[in-house]
Amino acid sequence: TDSPHVTVGQLRTSKLIREADVVVNLPKFKAHQQLLLTLAVKNVFGCVPGRRKAGLHMLSRDNAQWFGRMLVENYMAVKPALTIMDGIVAMEGNGPSNGSPRPLGIVMAGTDCVAMDRVAVELVGVAWHALPTLAAAAQLGVGCTSLEEIEIISEPLESLRVTDFRLPLLMPISFSPWR
């Protein structure tokens, strides 16, 4: 492919994360104008210090596949031991800063962020491969993207699905250097 490859060696998380005995990931279920949704895998990007994060946005050159792969590689480097995703009140629309609250009434917990994101997209009717992080995870063989292979302990997914979750209008991944 003509997309550049990212390696974990190019990623640097904060020193606190590298020295931590365990990492617990606490994402909020929300729409995101650059990636459609920001869920468990994307939330781990918060472990990259501020300016480095902006630099990676610019390096993406608006290539969602490259950015999704980088996010998955970052997730693999951080390896959260537990993730608890808050979807009691999610954010829909033009998130992460201009969205609207949306009661979903769910809390998800697990050890595989990819599997959690796969279930989350199913709940709001988004094709799993439309989320750059899930497409990259499948390509890299990270986590589980097969809904049939994910152990879900809850009411049947059909009873939790939302058919009118408002997705964002997408915008470029790259930040302007002036921003």
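The values are calculated or read from the model by the stated rules, or taken from the named source; none is laboratory data. Worth saying up front: this structure is predicted, and the values here are computed from it rather than measured. Reconstructed Cβ throughout: ideal geometry from the backbone, glycine too, with neighbour counts over all protein chains shown. Calculation scope for accessible area: heavy atoms of the full protein, side chains included, ligands and nucleic acids excluded. Shrake-Rupley method; radii C 1.70, N 1.55, O 1.52, S 1.80 Å.
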In the full protein assembly as shown, how much of Trp128 is accessible to a 1.4 Å probe, in Å² to the nearest 10? 70 Å²
Carbon and sulfur atoms account, in whole percent of the 1.4 Å probe accessible area of the chain, for 55 percent
Hits for the chain under the membrane-span-like helix rule (DSSP H, Cα axial span at least 20 Å, Kyte-Doolittle mean at least -0.5) are 64-78
Which value, in Å², gives the accessible area per residue of the range 24-179 when a 1.4 Å probe is used on the protein heavy atoms? 49 Å²
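Taking the convex hull of the alpha carbon atoms in the chain, what volume per residue do you get, in Å³?
Convex hull volume per residue, Cα atoms: 117 Å³.
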Spelling it out for Leu167: with amide H atoms placed in the peptide plane at 1.01 Å from N, the residues 5 or more places away or on another chain with amide H under 5 Å from its amide H are Gly93
Determine the dipole magnitude for the chain: charges of +1 sit on the beta-carbon of Lys and Arg, -1 on that of Asp and Glu, nothing else is charged, the reference point is the Cα centre, and the result goes in debye to the nearest 20. 980 debye
Residue among Leu35, Ala54, Met76 farthest towards the positive dipole end of the range 25-87, charges placed on Cβ: Ala54
Tensor-based shape of the range 109-179 (alpha-carbon gyration tensor, a/c under 1.5 rounded, otherwise prolate or oblate): oblate
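Rank these by accessible area, largest first, 1.4 Å probe: Met70, Met91.
Details: Met70 0, Met91 45 Å².
In descending accessible area the options line up as Met91, Met70.
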Pairs of lysine in the chain with Cα under 16 Å and at least 8 positions apart or on different chains: total? 6
Unit-weight point scatterers at every alpha-carbon of the range 67-154, Debye formula, q = 0.13, 0.16, 0.17 1/Å: log10 I(q)/I(0) is -0.44, -0.67, -0.76
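Run the dipole for the range 80-179 about the Cα centre, Lys and Arg Cβ at +1, Asp and Glu Cβ at -1, nothing else charged, and hand back the magnitude in debye, nearest 20.
Roughly 520 debye, rounded to the nearest 20.
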On the full set of protein chains, 1.4 Å probe, figure out the accessible area of Thr38 and give it in Å² to the nearest 10. 10 Å²
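Where both residues lie in the chain, what percent of DSSP beta bridges are antiparallel, nearest 5? All intermediate terms of the calculation are to be shown ahead of the outcome.
Details: 14 of 18 bridges.
Percentage antiparallel, nearest 5: 80.
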With Cα springs under 10 Å, the Gaussian network model of the chain assigns the largest mean-square fluctuation among Leu147, Leu56, Leu104 to Leu147
Calculate how large, on average over all directions, the projected area of the Cα convex hull of the range 23-80 is; give the answer in nm² to one decimal. 3.8 nm²
How large is the dipole of the range 72-138 about the Cα centre if only Lys and Arg carry +1 and Asp and Glu carry -1, each at its Cβ, rounded to the nearest 20 debye? 20 debye
Among Asp62, Asp86, Asp21, the residue with the largest mean-square fluctuation in a Gaussian network model of the chain built from Cα contacts under 10 Å is Asp21
Sorted by chain and number, the residues with a modelled amide H under 5 Å from that of Arg102, at a separation of 5 or more or across chains, are Ala90, Met91, Glu92
